[in-house]
Amino acid sequence: MAIARKVVLVSAFAFAAAYAVAQDAYVVPADAPAHIRRAIDSSERPEEQRARDVNRKPAETLMLAGVEPGDHIIEIAGFGQYYTMLLAEAVGPEGHVDVYDLPYTERFAGEASRAFAAAHPNTTYHQEDYNTAQFPQGVDAVLNILYYHDLKPNDIDTAAMNAKLLAALEPGGPYLVIDHKAEDGSAWRDAGTIHRMGVDTIREEVTAAGFELALESDLLANPDDDRTQMVFTPGVRGHTDQAIFVFRKPAP
C-alpha cells in the first residue's frame, strides 16, 4: 500500500470546513473507496457506533491508514469493536484482523470480543500481555487508536512493543496512532489519570524504534478542548483534541 513519504500536515482550514458541514450527521467523503464506504454503511453496525462517526471520522481515518481489501491488520485495543467491526468489513473475506487486548479488559470486553471473533472468520481475538505477545509477521498495517496513553500505566515496555510492531509489518507498512492530547511537553504525566498524552512523546518513541513519520494530520483536532480535563468527563468525551500519526516501516 502506498504511503506518502514526506510529512504532511492536513490543513486546519479543511478540517474546520468539514466540521462545520458535518456537525450533526456524518457524511462519508465522496472520494472514499467502495470497501471503506461499505464498512461505514454496514447494517451490522449498531446505532450507538454510528452516532459517534461524526466525531471519529472513520472513513477518513481508514483512508489515512491505507486499509485495502485483503489486508492483514493488527488492531491494538479493539474492545468495544468500533474499529474492529469496520476493519473486518473493509478487509473482507480475503483479509484478516488480529485484535489484541490486555487481560484486564476481560471484565468488560472479553465476552463480546470473543463473540465478535466467533461470528467473523476473518477476525482473531487475542487477550495477551503486550510485553510477551508474539505478533504475526508480514502484516499490512497496525492501528493503535486512543490507547497508546494506556500502555505505560499498564506496565508495557513501549520501546520493546514498538520494535515488535516494526518487525511485524511488511516494508512500507503503516502504523496509525491516534491519541488524546495533553498539555504540550507533558509526556506521560497525565496518561494514568486523565488518559491524555504529551503527543510529542509518541512521535519520539515510535521513530526511535525505527519507524519513519509519513504523515501527521489534524483531522481530529479541537482547539477548544481543555487538555487538562479527563477525557471521559461529560461534555469532553468524544470532543477531545486528538493527534493522528501515520508512521511507516522503512522500505529496504
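The values are calculated or read from the model by the stated rules, or taken from the named source; none is laboratory data. These numbers come from a predicted model, not from an experiment. Here the Cβ positions follow ideal geometry from the backbone for every residue, glycine too, while neighbour counts run over all protein chains shown. Just the protein is used for accessible areas: all its heavy atoms, side chains included, with ligands, DNA and RNA removed. Shrake-Rupley method; radii C 1.70, N 1.55, O 1.52, S 1.80 Å.
Taking a Cβ cut-off of under 9 Å around His149, the surrounding Lys, Arg, Asp and Glu residues balance to a net charge of -1, with basic ones at +1 and acidic ones at -1.
Size descriptor for the stretch 93-228, Kirkwood hydrodynamic radius: 16.2 Å (Cα pairs only, one decimal).
Here the Karplus curve 6.51 cos²θ - 1.76 cosθ + 1.60, taken at θ = phi - 60°, turns the phi angles of the stretch 177-182 into couplings of 10, 10, 8, 6, 7, 9 Hz, with x standing for Gly and Pro.
The relative contact order of the chain, computed from alpha carbon pairs under 8 Å that lie at least 6 residues apart in sequence, is 21 percent. Under the simplified labelling scheme, the Glu44-Asn131 pair shows an inter-label distance of 3.5 nm, with each label point 7 Å from Cα along Cα→Cβ.
Translational diffusion coefficient of the stretch 10-150 (Stokes-Einstein, Kirkwood radius from Cα pairs, 25 °C, 0.890 mPa s): 155 µm²/s. Val139 sits among other residues whose Cβ lies under 15 Å from its own Cβ, and their net charge, with Lys and Arg +1 and Asp and Glu -1, is -4. Where the accessible area of the chain is counted over protein heavy atoms with a 1.4 Å probe, how much of it, in %, is carbon and sulfur? Of the solvent-accessible surface of the chain, carbon and sulfur hold 54 percent. Placing one equal scatterer on every Cα of the stretch 160-230 and applying the Debye formula, the log10 ratio I(q)/I(0) at q = 0.16, 0.18 Å⁻¹ is -0.63, -0.77.
Site pair Glu94 and Asp155 shows an inter-label distance of 4.4 nm when each label is modelled 7 Å from Cα along Cα→Cβ. For the chain, modelled as a Gaussian network with Cα springs under 10 Å, which listed residue fluctuates most, Asp98, Asp179, Asp200? It is Asp200.
Full extension of the chain between Phe232 and Glu106 yields a length gain of 43.3 nm, computed as 0.36 nm times the residue separation minus the alpha carbon distance. In the full protein context, the chain carries 45 Å² of accessible surface per residue, based on a 1.4 Å probe and ignoring ligands, DNA and RNA.
Each principal axis of the Cα cloud of the stretch 198-252 was taken in turn, and the coordinate range along them, longest first, works out to 47, 19, 15 Å.
Put simply, the C-alpha atoms of the chain give a gyration tensor, and the ellipsoid matching it has half-axes of 23, 22, 20 Å, longest first.
Let's see if you can work this out: charge +1 on each Lys and Arg Cβ, -1 on each Asp and Glu Cβ, no other charges. What is the dipole magnitude of the chain about its Cα centre, in debye to the nearest 20? Here the chain has a charge dipole of around 220 debye. Helices in the chain, meaning DSSP H runs of at least 4 residues, each add -39500 (n - 2.57). Divided by all residues, the mean residue ellipticity at 222 nm is -8000 deg cm²/dmol. Normalising the average separation of contacting C-alpha pairs (under 8 angstrom, six or more residues apart) by the number of residues puts the relative contact order of the stretch 73-144 at 42 percent.
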